[in-house]
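Since the structure comes first, as C-alpha cells, the remarks are kept for the end.
What follows draws every value from the coordinates through simple rules; no lab data is involved. The shown structure was predicted, so the numbers you read here are calculated from the model rather than taken from an experiment. Note: ideal-geometry Cβ built from the backbone for every residue, glycine included; neighbour counts use all protein chains shown.
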Amino acid sequence: MERRELLKMIALLTGGVMIGSNALLTGCSPDKGNFKKNAVFTQQDQDFLDEVSDTILPATQTPGAKAAKVGAFMTVMVNDCYEEKDQKVFKEGIAKLNAACEKMYGCEFMKATVVQRLALLVKLDEEAKAYQAKRGDLPAHYFTMMKQLTLLGYFSSEPGCTKAMRYIAVPGHYKGSVPYKKGDKAWA
Amino acid sequence: MEDSTYDAIVVGSGISGGWAAKELCEKGLKVLMLERGGPYDHIKDYKTAQKNPWEFEHRGGTTAEQKKKYPVIHRGWAANEAVMDGWANEQDCPYTETKPFTWWRSYRMGGRSILWGRQSYRWSQLDFEGNEKDGIATPWPIGYADLAPWYDHVEKFAGISGSIENIAHLPDGHFLPPMELNCVEKDMAQRIKKEYHEKRHLIIGRVANLTAAIPGRTKCEFRNRCWEGCPFGGYFSTQSSTLPAAMKTGNLTVRPYSLVKQVLYDKNSKKATGVEILDTETNQTYEFKSKIVFLCASTLNTAWVLFNSATEVWPGGLGSSSGELGHNVMDHHYNVGASGSVEGFEDQYVFGRRANGFYIPRFVNLGGDKRDYLRGFGYQGGASREGWGREIAELNIGGDFKDALAEPGKWTIGATGFGEILPYHENKVSLDKNKKDKWGLPVLAMDAEMKENEFKMRKDMKEEMRAMFDAAGIKNINTWDNGHALGHGIHEMGTARMGRDPKTSVLNKWNQVWDCMNVFVTDGACMTSSACQNPSLTYMALTARAVDYAVSELKKNNI
C-alpha cells in the first residue's frame with residue numbers, strides 16, 4: 001500500500017504517466033528471477049481467460065472485460081513480463097480454477113452458468129486474499145494474478161478508458177475543483 | 001571533411017549543455033556541441049507521445065527482456081514502457097558499485113532534459129552560506145546576489161510557472177502564472193498556515209511548464225506525459241527551448257555519437273586546446289580544437305572526462321591538483337514521507353492532468369528552529385482521488401465492483417521529503433580500470449553513502465510529515481522510509497566543486513578549472529553543497545553566468 005502510494009505520487013510529481021500501475025503487477029519484480037517465453041497459451045486458454053475476466057468485470061451499462069479483449073492482454077503480459085516461476089503459477093492456475101469448479105459444481109468453468117462462475121470466483125478471491133496475506137516469499141496466488149491483470153487490462157483498455165471511465169487526450173487546462181456528484185465517472 | 005576548429009566546444013546536450021550552447025552562440029561564437037548518444041528530434045522522435053493509453057502493448061509495464069537490460073532503472077519508478085528507449089544501455093555502459101549507487105542516465109540528444117521532473121526552485125543566501133557558517137567542506141565562492149540576475153535571465157527564457165510567496169529562503173522568481181492547487185491541497189495549505197503560525201507553507205510546485213505561451217512554444221496542455229517528449233513544446237527541454245535558439249544563430253554545429261574521451265591539454269600554454277572524441281558508431285577517434293571548453297556531460301561523466309585528461313601532468317586528471325576531483329559526491333535523499341486519507345470533498349473533483357504537485361519549503365534549522373542535524377529538507381506531494389487500483393469494501397468481483405471502480409474513490413494525500421546531503425570528502429567516484437565499457441574505456445566506480453546527518457534528518461522527514469498531516473486532520477496516516485542509495489534522487493552533484501582556494505577546490509567562482517582556465521564546468525559537478533531544492537534551475541543560471549564571463553575574458557584575451 002505504501003509503495004503504491006509512493007509510486008502514484010512520484011508519477012504525479014515527475015509528470016510521468018502511470019498507464020495502469022506497475023505496482024499492481026505481482027509477477028513483475030525486477031532484479032531477480034528468470035524470464036522465458038515458456039507460457040504457451042492456446043486459443044482455448046485465451047477464451048477461458050476472457051470468461052474469467054468477464055466474470056470479474058462483466059458488462060453493465062458499460063462494456064465488460066471480454067469486450068476489452070482482456071484474455072489476450074493477459075497472455076501477452078504473462079508471456080512478456082512475468083518471471084518464469086510466476087508464468088508457471090499462472091498457467092497451472094487455469095487447471096486449478098477448473099478443478100475448483102469441478103469440485104463445486106461438477107463441471108469445468110466454461111460450462112458453468114454465470115451465477116455459478118460468479119460464486120466460484122468470489123470464493124477463489126477470498127482464498128487468494130487469505131493466501132496473499134501470509135505468502136511471504138512464495139509466488140502470488142494464481143487468482144490474484146488473474147484479477148490484477150483483469151483490472152489493469154480493462155481499465156487501461158479503450159472501452160475501459162472511454163466507456164467505463166472518461167478520457168480526454170488533451171485536456172488543455174487544469175481546474176483544481178470541479179463539482180462532482182455520485183455516479184460521475186472517474187478520469188482515465 | 002568535418003570542420004575541426006571552433007570558438008567553443010560544449011560537451012553534453014542536456015540542460016546545462018543546451019544553455020551553454022545557446023548563450024555562446026548568441027554571443028557570436030562558433031560552437032560545436034558534442035553528444036555521446038544519438039539524435040532525438042523535437043516532436044518527430046516523440047514516438048509514443050500521441051498514443052492513447054490502450055495503444056501501449058503492456059500498458060506501461062516493462063518486459064522481462066527490458067528488466068534484464070536495464071536493472072538499474074528497474075530499481076526505481078522510471079521503468080515504464082513509454083520511456084525505456086530514453087535510458088542509457090546498461091550493458092554497453094556498466095559502472096562499479098563499491099557502494100550501492102543508482103545512476104539514471106539518458107544518452108541521446110537532449111540528455112535528461114527530456115525526462116526531467118521540471119521542478120524549478122531558486123537557492124537563497126541561506127544555502128550559499130551554509131558551508132561557511134557550519135564550518136564544513138569548503139565555502140561557496142559566490143552568494144545569492146551573484147546568481148540572482150542569472151536566475152532572472154534563465155527563468156524568463158525557460159518559462160517557469162509559480163506563485164509569488166515572499167518566502168525569504170525560497171526566493172520568488174520571474175514566474176508565469178501558477179498552476180492551481182486542488183481543493184484538498186488548498187485546504188491543507190490553510191490548515192498548515194494556521195497550525196504553524198505562518199512559519200510553514202504549502203505552495204504549488206514551481207515547474208518548467210508553460211502556463212502561458214512564449215515565443216515559439218505552445219502552453220502546457222495538461223496531459224501529464226512530459227517525459228515522453230511534449231509535442232506542444234509545453235515544457236523546457238533542450239529540444240523545445242535552448243537548441244532551437246542556438247540553431248537560429250547559425251553558429252551551432254551538433255555532433256551526435258561523440259563520446260568525449262579527454263580534454264586536450266597543452267603543457268606550455270597551460271590551456272586546453274580542444275577535445276578528443278570517440279565516434280561511438282565507427283570507433284574512430286577525432287580531435288576538435290577550440291578556444292574554450294564547457295564540460296556539461298552530467299555530473300559524473302564530467303568527472304570521468306576530467307579523470308582521463310592531462311594525465312601526463314596530473315596523474316589524477318585535469319583539475320585534480322587540489323585532491324578534490326571526484327570527491328564530495330552529493331544527491332538529494334528521498335523515498336521517505338507519509339500519506340493518508342482525507343475526509344470530505346466528496347462533491348469535488350479535478351479537471352485535467354496537472355504535471356505538478358505541491359511543495360513545502362524547508363522549515364527546519366531556520367529562524368529559531370534548531371535540530372540535531374545540519375541543513376534541512378522540503379516536501380513534494382499531491383492530493384488526488386483514488387483510482388481503479390483501490391480496494392472497495394464488500395465488493396470484490398462482478399458488475400457492482402466494476403461500476404464502483406469506474407468512479408473516483410476518496411481523496412488521499414501524500415508527500416515525500418527531499419533532503420540535503422552534506423558534501424563528504426570520502427564520498428567519491430573514481431576510475432575502475434579493471435572494468436571496461438563497450439568501447440574499451442575504463443568505467444566509474446561509485447563509493448558514496450548517506451551518513452549520520454542524513455539518517456537523523458530522515459527520521460524528521462517522516463515524523464514532521466506525519467505531524468503536519470495529523471494537524472491538518474488527515475486520517476489513516478501511513479509513513480514510509482524505503483531507504484536511499486546515492487544517485488537515486490537523480491540529483492547527483494559534486495566531484496569538481498567550486499571554491500575560493502585552488503588548494504581545496506577544483507573550480508573558481510566563475511566555474512573555471514583552477515588548473516586550466518579555459519575549461520569551464522557548469523553542470524552538477526560544480527556544486528559545493530546540495531541544498532534541498534531541485535538543482536537544474538541553478539545549473540542553468542550558473543551556466544549562463546559562466547558563459548557571460550568566459551566570452552568577456554576571451555574578448556580581453558585573458559583566456
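When the label point is put 7 Å from the Cα of B:ASP369 along its Cα-to-beta-carbon vector, which residues of region B:139-172 have a backbone N closer than 18 Å?
Flagged as within label range: B:165-172.
With r defined as the distance between the Cβ atoms of B:GLU553 and B:LYS410 and R0 fixed at 56 Å, what FRET efficiency is calculated, to the nearest 0.05?
On the way: r = 60 Å, r/R0 = 1.07.
Efficiency computed from Cβ-Cβ geometry: 0.40.
Between B:THR273 and residues 5 or more places away or on another chain, which pairs have amide H atoms under 5 Å apart, with H built 1.01 Å from N, and which residues are they?
B:LEU264, B:TYR265, B:ASP266
At A:VAL178 and A:LYS134, where each label point lies 7 Å from the Cα along Cα→Cβ, what is the point-to-point distance in nanometres?
4.7
For labels at B:ALA168 and B:ASP92 in the simple 7 Å Cα→Cβ model, what's the distance in nm?
Modelled inter-label distance: 5.2 nm.
Test of understanding: what is the full-extension gain from B:LYS248 to B:THR479, defined as 0.36 nm times their sequence separation minus their Cα-Cα distance?
Numbers: separation 231, 0.36 × 231 = 83.16 nm, distance 5.01 nm.
Extending this stretch completely gives an extra 78.2 nm.
Assuming R0 = 56 Å, can you tell me the calculated FRET efficiency for the pair B:ASP134 and A:VAL40, based on Cβ-Cβ distance, to the nearest 0.05? Walk me through the intermediate numbers first.
Details: r = 63 Å, r/R0 = 1.12.
FRET efficiency, B:ASP134 to A:VAL40: 0.35.
For B:PHE418, enumerate residues with amide H under 5 Å from its amide H, sequence gap 5+ or separate chain, H modeled in the peptide plane.
It is B:GLY378, B:TYR379, B:GLN380, by chain and number.
Mind checking the angle between helix B:183-195 and chain B's longest principal axis? C-alpha axes, 0 to 90 degrees, to the nearest 10.
90
Please give me the summed charge of the neighbours of B:PHE401: other residues whose Cβ is under 13 Å from its Cβ, Lys and Arg +1, Asp and Glu -1. Before the final figure, lay out the partial values.
Details: positive: A:LYS147, B:ARG390, B:LYS402; negative: A:ASP54, A:ASP125, B:GLU391, B:GLU394, B:ASP400, B:ASP403, B:GLU407.
Here the charged neighbours net out to -4.
Which entries in the list B:LYS248/B:LYS289; A:LYS181/B:LYS462; B:LYS402/B:LYS475; B:LYS68/B:LYS261 go over 31 Å, if you measure between the two C-alpha atoms of each? Can you show the working numbers first?
Working: B:LYS248/B:LYS289 23 Å; A:LYS181/B:LYS462 35 Å; B:LYS402/B:LYS475 26 Å; B:LYS68/B:LYS261 28 Å.
From the list (B:LYS248/B:LYS289; A:LYS181/B:LYS462; B:LYS402/B:LYS475; B:LYS68/B:LYS261), the Cα-Cα distance tops 31 Å for A:LYS181/B:LYS462.
Residue by residue through region B:122-127, which ³J(HN,Hα) values in whole Hz follow from phi under the Karplus form 6.51 cos²θ - 1.76 cosθ + 1.60 (θ = phi - 60°), with glycine and proline marked x?
Residue by residue, region B:122-127 yields 6, 7, 10, 4, 3, 6 Hz.
Could you run the Karplus curve 6.51 cos²θ - 1.76 cosθ + 1.60 with θ = phi - 60° over region B:293-305 and give me ³J(HN,Hα) per residue in whole Hz, x for Gly and Pro?
Here the 3J(HN,Hα) series is 10, 9, 8, 9, 8, 5, 2, 7, 6, 5, 4, 4, 4 Hz.
Report, in whole Å, the centroid distance computed from the Cα atoms of region B:351-403 and region A:45-84.
31
Of all GluC sites (Glu not before Pro) in region B:1-58, which ones are in loop regions per DSSP and have a Cβ with at most 10 other Cβ atoms within 10 Å?
Details: sites: B:GLU2, B:GLU23, B:GLU26, B:GLU35, B:GLU55, B:GLU57; in loops: B:GLU2, B:GLU35, B:GLU57.
Hits after loop and neighbour filter: B:GLU2.
Would you mind pulling out the separation of the Cα centroids of region B:437-467 and region A:101-118, in Å?
The distance from the Cα centre of region B:437-467 to that of region A:101-118 comes to 54 Å.
How far is helix B:452-471 tilted off the main Cα axis of chain B, in degrees rounded to 10, range 0 to 90?
Roughly 30 degrees between the two axes.
Using only Cα atoms and rounding to the nearest 10 degrees, what angle (0 to 90) does helix B:144-158 make with the longest principal axis of chain B?
For B:144-158 against chain B, the angle is about 80 degrees.
For the pair B:GLU57/B:LYS459, report the inter-label distance in nm, with labels modelled 7 Å from Cα in the Cβ direction.
5.0
Expressed as a rounded percentage, what relative contact order does region A:38-164 have, with Cα pairs under 8 Å and six or more residues apart? Don't skip to the end; give the middle numbers.
Numbers: 131 pairs, mean separation 43.0, N = 127.
Contact order relative to length: 34 percent.
What FRET efficiency comes out for the pair B:ASP152/A:VAL122, r = Cβ-Cβ distance, R0 = 56 Å, nearest 0.05?
Details: r = 63 Å, r/R0 = 1.12.
Step by step, r from the Cβ atoms, then E = 0.35.
Using amide H atoms built 1.01 Å from N in the peptide plane, name the residues 5+ places from B:ALA472, or on other chains, whose amide H lies under 5 Å from its own.
none
Specify which residue in the list A:CYS161, A:LEU121, A:PHE41 is farthest towards the positive end of the charge dipole of region A:38-164, using unit charges on the beta carbon of Lys, Arg (+1) and Asp, Glu (-1), about the Cα centre.
A:LEU121
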